[in-house]
Structures are given as C-alpha cells and as structure tokens.
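Enquirer: Quick one: this structure, given as structure tokens, is what I'll be asking you about.
Values quoted throughout were computed directly from the atomic coordinates according to the rules given, and no laboratory measurement underlies them. No experiment lies behind these values; they were computed from the predicted model shown. As a convention, Cβ positions derive from the backbone with ideal geometry for all residues, glycine included, and neighbour counts pool all protein chains shown.
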Amino acid sequence: MQPHPLSDKRAHQDGFVLITVIIILSLLSLLSIGQVYRSRTNQQESASSVMKTQATYYAETAISYIQWAWANDADFDASLVASDNTTIGDRAEWLTAITNPGPTTIGGSNGTIRYWDNSPMTSRAVRWGSSTCTPPQPIMHNIAANLSTFITLNIDQYGTISPLNNQSVPTNGAIIWLTAGTPSTDYEITSVATCTLTSPDQGCFKIGKDGCGNPINANNTLYHVVAYAIGYVNSKPLYLLRSIIY
C-alpha cells in the first residue's frame, strides 16, 4: 500500500513544529538565564553603590568632626598617648611647636600631635603632589597598615561618633589624620629652625619637602592644617577625602 500523500505531508509538518518549539524554548531559556544574570549584576552594582555612598558619608563626617574638634581645641592626644600629660588641647599644643608638629623625630626631638603625619614624603602611603609631579595613587587595600598614625572613629547608624585610642580600622566609620600642606601640595617639615608666623590660621617652617619630595629651603614657608579621612564600610576602605581644616 502506498502512503497517502496527505499523511506524509502531515508528518513533515509535525516534525517542523516540534523543531520550532524546541528552538523557541531554547531561546526563552537563554533569555531567562540572561535576565537572572542581569538582575544579579544590578543587585551587586546597587549594593556597591550604597556602600560607596556610606563610605563617602563616613569620610565627610570624619572631616567635619575633626574640623569641629580642632576649632574647639579637643585633646585627642591625651587618650592616644599615655605619656601626653598636657592639659591643653591639640591645637594649642600645635601652636607651641609649629615646626615639629608630628611624632616623627626632627633634630632629635619628637613632635606634639600624635595623629600628625610628618613621615618622609616619598614613603608616605597617601600624599598630595605639587605641580611638578603626580604622586602614585594610594593602594586602598589594607591601607591603614601603611599609615604612620591616625585616629579611629566608629560611626553608628544614628551618626554617633566614638573615637578610639588604638589604631584599628572601624567596621563602619572612618580613620583620620593630619599633615601640613596647601591646596596644591602636602609638606614634610625637616627642620625645627625658627620661622615667623604671619597668619594666625597657619603654621610655618624654613626647611622641608613638597609632595613630590623636592627640597624647600625658604626663609618662611606657610602651611595649613590638612586632614585626610578614609571611609570604611564592613571593614573595607572605600573612599578617601582630603580637606584643609585650618
């Protein structure tokens, strides 16, 4: 018996429909997988954006806090260093030793402000350069281990700030330290030679280095008090901020 022409045609049509259905299902599966991947990526990007925003807030809060503390002559050194038995605030201490403000030894003596970075310029983990160079970008991973000194600020969900007297990084909050500088460069002070203050809002020095490590041998170089802050979220350093506070 010969197969009926209509039956043969119907079989071909059924086979074509099956293949078409398989292709469509495969495409739908690929689209679904792609959608899931995009959804996860968007969630990760959203979470990363939220953490970056939090870290920015923590760093800005730290700058505002240290600016307020410095203006009100707070005495952080008394809790950071047991040997600091002075009864005056840190800004008043700084004004008594503007050419030797930090813990780095200059001329055989230590400075006064323990969270002031006056370490050798070319070895600093974070520094701001002058117009003659571009300092290397700071490596944020485990950056606190490469800093000479800092204050730790824990900041809770209500914005309450709790300074710590140790150099551990906060889970959520910021670390902050001071240095000498101007809007365009940081300074390292290398001599305690007497200089002349010409502004009540600035310090001065005669011999030092700029943010590129270039020597400065001027009769009188003025500097501002510069604050650096790093915002931490879940113990990760995510945002670095520099600001002149005095």
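Enquirer: In debye, nearest 20, what is the charge dipole magnitude of segment 53-244 about its Cα centre with +1 on Lys and Arg Cβ and -1 on Asp and Glu Cβ, if you could check?
Expert: With only Lys, Arg, Asp and Glu charged at Cβ, the dipole is about 460 debye.
Enquirer: Using modelled backbone amide H atoms (1.01 Å from N, in-plane), which distant-in-sequence or interchain residues come within less than 5 Å of Gly211's amide H?
Expert: Residues meeting the amide H criterion: Ser130, Asp186.
Enquirer: With charges set only on the Cβ (+1 for Lys and Arg, -1 for Asp and Glu), what does the dipole of segment 115-217 come to about its Cα centre, in debye to the nearest 20?
Expert: Dipole magnitude for segment 115-217 comes out near 200 debye.
Enquirer: Of Tyr246, Tyr232, how do they rank once you tally other Cβ atoms within 10 Å and put the fewest first?
Expert: Tyr246, Tyr232
Enquirer: May I pose another question? Each label point is 7 Å from the Cα along the Cα-to-Cβ direction; what then is the distance between the points at Glu60 and Ser184, in nm?
Expert: Taking the two extended label points, one gets 2.8 nm.
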